[in-house]
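Before any comments, here is the structure.
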Amino acid sequence: MTDQITIRRPDDWHVHLRDGDMLKAVAHYTARQFARAIVMPNLSPPVTTSAQAGAYRDRILAALPADSDFQPLMTCYLTDSADADDIAAGFAAGIFTAAKLYPANATTNSAHGVTDVANIQSVLGRMQDIGMPLLIHGEVTDSDIDIFDREAVFIERTLKDLIAGFPELKVVFEHITTQQAVQFVDQAGPNVAATITPHHLHINRNAMFQGGMRPHAYCLPVAKREQHRLALRQAATSGSSKYFLGTDSAPHEIHAKESACGCAGIFNAPYAMESYAAVFEEEGALDHLEAFASINGPQFYGLPLNEDMVTLHRSETEIPDILPAAGTSIVPFQSGESLVWRLATA
Ligand SMILES: [Zn+2]
């Protein structure tokens, strides 16, 4: 039995670090696990300009421990009035790494999102020209579409046409949750990839209703049936270069989750690599963990691989029930459970 795994230092290609006191409370968790992370722009108000992104990056760097060399990679929140010139200039200056498409009202703080992809055609054309990745929250938002079908319907209604219209555009289909998404990404060209979260690899939709309402298992896109979880596990651990790590770690204070109208989001940053390693081991694919966590992402983005290494040891890790944060607390993913791997601290 393998007792330790040493891999290139991993990156997180999708994280919510928030702002203010919550940013100060959570940034160190991601910085401990990852060298770089794609930081989501859905603050309130959202990060829509390169000036806002530069200022947000400075706040993230200021929130890190003094000895951290963590590198936040910033994204632009696309709106109907997105400015192609500012986005392209921000990308050229190294402020923006990618831009994010949220269909309006798809998830937390996405009210400003794009109401129709037709409104951002010139921005997408420019991004295609300059090789700037488009990150997509792939769900329709129509209230008449069942919530468990919104990702599959988005593929048919929006994603196929978007990719046909911009065949060279680099597209990351983010936090995929369905067999349909896996099939779509598998058959698409090399410019289309996907991230997969630890929670969608571990839980199916039953987790939200196990013995009662379980708000800490609620996220968007919502977890789907078991057949979809199994398809995601197969894709993540397959060794395909189209899939890479993106935690979608999304902290909410405990009272915002345990509420009559609880927020969507799962906070998995503190034990993300331990959680992914458990999945890869269960699937007999520990030899594919490094590609998923540390190689496929930077290669897709055209960024250098991390040169330093990290080691996971076989050593039981107890996940606490709650973690203190910003004068309140957050319930981490898999709270109260124990995982078999432990990421060594530097
Ligand atoms: Zn997200």
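Can you tell me, using C-alpha contacts under 8 Å and at least 6 residues apart, the relative contact order of the stretch 263-332 as a whole percent?
On the way: 32 pairs, mean separation 21.3, N = 70.
Computed value for the stretch 263-332: 30 percent relative contact order.
If one computes the Cα centroid of the stretch 282-346 and of the stretch 22-40, what distance in Å separates the two points? Each part's Cα centre sits 12 Å from the other's.
Expressed in nm to one decimal, what extension gain is obtained for the pair Ala93 and Ser329 from 0.36 nm per residue of sequence separation less their Cα-Cα distance? Each step should come with its number before you reach the end.
Numbers: separation 236, 0.36 × 236 = 84.96 nm, distance 3.73 nm.
Stretched out fully, the Ala93 to Ser329 stretch lengthens by 81.2 nm.
Is any residue of the stretch 1-24 close enough, with backbone N under 18 Å, to a label point placed 7 angstrom from the Cα of Glu307 along the Cα-Cβ axis, and if so, which? Once the point is set 7 Å along Cα→Cβ of Glu307, 7-11 turn out to lie under 18 Å by backbone N, inside the stretch 1-24. The relative contact order of the chain comes to 19 percent, based on Cα pairs under 8 Å that sit 6 or more residues apart.
Given R₀ = 41 Å, what would the calculated FRET efficiency be for Lys160 paired with Arg59, taking r from the Cβ atoms and rounding to 0.05?
Working: r = 38 Å, r/R0 = 0.92.
Taking R0 as 41 Å, the efficiency between Lys160 and Arg59 is 0.60.
Report the extension gain between Glu282 and Asp144 in nm, rounded to one decimal, defined as 0.36 nm multiplied by the number of residues separating them, less their alpha carbon distance.
Difference between extended and current length: 45.9 nm.
Could you tell me what percent of the DSSP beta bridges with both partners in the chain are antiparallel, to the nearest 5? Walk me through the intermediate numbers first.
Numbers: 13 of 39 bridges.
If I count the DSSP bridges inside the chain, around 35 percent turn out antiparallel.
Where Lys and Arg each count +1 and Asp and Glu each count -1, what net charge lies around Val117 among other residues with Cβ under 11 Å from its Cβ?
Values: positive: Arg157; negative: Asp80, Asp116, Asp161.
Here the charged neighbours net out to -2.
Among the listed pairs Lys160/Lys224; Lys24/Lys224; Lys160/Lys242; Lys24/Lys257; Lys100/Lys242, those with a Cα-Cα distance over 24 Å are Lys24/Lys224. If you plug the beta carbon distance of Ser122 and Ala256 into 1/(1 + (r/R0)^6) with R0 = 41 Å, you get a FRET efficiency near 0.65. Does anything in the stretch 105-134 have its amide N under 20 Å from the 7 Å Cα→Cβ label point of Ala207, and if so which residues? Label zone hits: 107-108. What the phi angles of the stretch 238-254 give under the Karplus curve with 6.51, -1.76 and 1.60, with θ = phi - 60°, is a coupling list of 6, x, 4, 6, 7, 10, 8, 6, x, 6, 6, 4, 9, x, 10, 5, 4 Hz, glycine and proline written as x. Taking Cβ atoms as reference points and 15 Å as the exclusive limit, the residues near His252 contribute a net charge of -2, counting Lys and Arg as +1 and Asp and Glu as -1.
For the residues Gln334, Gln210, Gln128, a GNM of the chain with alpha-carbon springs under 10 Å puts the largest fluctuation on Gln210.
Working note: Karplus 6.51/-1.76/1.60 with θ = phi - 60° gives the stretch 169-177 the couplings 5, 6, 10, 10, 7, 8, 5, 5, 9 Hz, where Gly and Pro are set to x. Quote the charge dipole size of the chain about the Cα centre in Debye, to the nearest 20; the model charges only the Cβ of Lys and Arg (+1) and of Asp and Glu (-1). That gives the chain a dipole magnitude of about 80 debye.
From the alpha carbon centroid of the stretch 142-183 to that of the stretch 241-280 is 21 Å. The order of Met40, Met74, Met1, Met309, going from fewest to most other C-beta atoms within 10 Å of their C-beta, is Met1, Met309, Met74, Met40. Near Ala188: Cβ cut-off under 12 Å, other residues only, Lys/Arg at +1 and Asp/Glu at -1. The net charge is +2. Spin-label pair Ala344-Ile322: with each label point 7 Å from Cα along the Cα-Cβ axis, the two points sit 3.5 nm from one another.
Each reported figure results from applying straightforward, stated rules to the coordinates on display, with no laboratory input. Given the structure is predicted, the values throughout are model-derived calculations rather than measurements. FYI the Cβ positions are ideal-geometry reconstructions off the backbone, even for glycines, and counts take in every protein chain you see.
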